[in-house]
Amino acid sequence: MSTVSRVRRQLPLSPWLFAAPGLLVIGAFILYPFLSTLVNAFTDRRTLIEGEFIGLDNFRELLHDDMFWIGLRNSTLYVLGVVPALVILPLLLAMLVQKNIPGIAFFRSAFYTPVVASIVVVGLIWVWLLDERGLVNSLLETIGVGRVGFLSDQWLLLVSAMAVTVWKGLGYYMIIYLAALANVPRELHEAAAVDGAGAVRRFLTVTVPAVRSTMVLVGALSSVAAFKVFSEVYLMAGPSGGPAGEDTTLVMLVQRTGTGLTGRVGYASAISVVVFVVTVALMLLVLRADRKEDG
């Protein structure tokens, strides 16, 4: 057999050989855990016990579990509180740092710094700031407002965690918007200015329509991330999920239920399946709303 023939016979396998390492990683760390979670959701498996098939019993139990509904409520409120801020504020921030003026690179780096900081470090810093004896309460007491229970009140704690999420995510989504704003033709702004449009009107009639697809992308990404929030609430509320567990999110409930020597892996997997279904539904809703807007 000639060399050319051997090469031709080997060529069809070459792409798969290059893709094999990536496919192995995806299979081992994404596909297998996903399928395993899906199977475990229909069993009564525990950490040290294989478990047996129990059908939809775990999902039926969810309907009567008060902590599940608390987690669903808090995760939903988190989406409603965080997503609008992460869609609008980074866009405004990107417009502020878009212009090439002396010293603007420093502000771009400063706004992006929280993104690269460890979420554990960020969470601990905010806990120290918002503690009853922290800097924020000391300042409030100095001006006569009095101390506020940012970390002891059920709703203030959840809002404080939302603020941390928004603060940490501003720089990330700002970079996405900067890339989108760079593709907006300057002639559109100049034409609108000639027609007498002010800064606000140019923003609403030129900038927003030009970056609408990017806003949809940011909305989808931030919605999924907000619904799956764990670190911020866990660090600020503690493993118990705040006062009487009232600030527990769904992902926190998965961690609490499915870990430990007596962890209910099957029940935690059922909660994980619900989280997956809801996040997919959120993305589909955002994409469908975008398509309706296009229509």
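The values are calculated or read from the model by the stated rules, or taken from the named source; none is laboratory data. These numbers were taken from a predicted model, which means no experiment stands behind them. Don't worry about glycine lacking a Cβ; one is built from the backbone with ideal geometry, like all the others, and counts go over all protein chains shown. Only protein heavy atoms, including side chains, enter the accessible area calculation; ligands, DNA and RNA are left aside. Shrake-Rupley method; radii C 1.70, N 1.55, O 1.52, S 1.80 Å.
Of note:
- For the stretch 161-295: rounded, prolate or oblate by the Cα gyration tensor [a/c cutoff 1.5]: prolate
- Computed with a 1.4 Å probe over protein heavy atoms only, the accessible area of M215 comes to about 40 Å².
- Other residues within the sphere of radius under 15 Å centred on the Cβ of L140, judged by their own Cβ, net out at -2 (K and R +1, D and E -1).
- Ligands, DNA and RNA are left out, and with a 1.4 angstrom probe the accessible area of the stretch 141-295 is 51 Å² per residue.
- Full-stretch length increase - F29, V194 - with 0.36 nm per residue and alpha-carbon distance subtracted: 53.8 nm
- Overall, the stretch 214-295 carries a charge dipole of about 260 debye about its Cα centre when +1 sits on the Cβ of Lys and Arg and -1 on the Cβ of Asp and Glu, all other atoms neutral.
- Interchain or long-range residues, amide H under 5 Å from I54's placed H: T43, D44
- Cα lying deepest toward the dipole's positive end in the stretch 130-189, options W167, G146, L156, charges on Cβ: W167
- Residue-count net charge about S272 - beta-carbon cut-off 14 Å; Lys, Arg +1, Asp, Glu -1: +4
- Surface share of carbon and sulfur [accessible, 1.4 angstrom probe, percent] for the stretch 67-197: 70
- Reported label for calculated Cα Rg over 2.2 N^0.38 Å given (i) 0.94; (ii) 1.28; (iii) 1.15: (ii)
- Placing +1 on the Cβ of every Lys and Arg and -1 on the Cβ of every Asp and Glu, with no other charges, gives the chain a dipole of roughly 1120 debye about its Cα centre.
- Charge tally around A191: other residues with Cβ under 15 Å, Lys/Arg +1 each, Asp/Glu -1 each, net 0.
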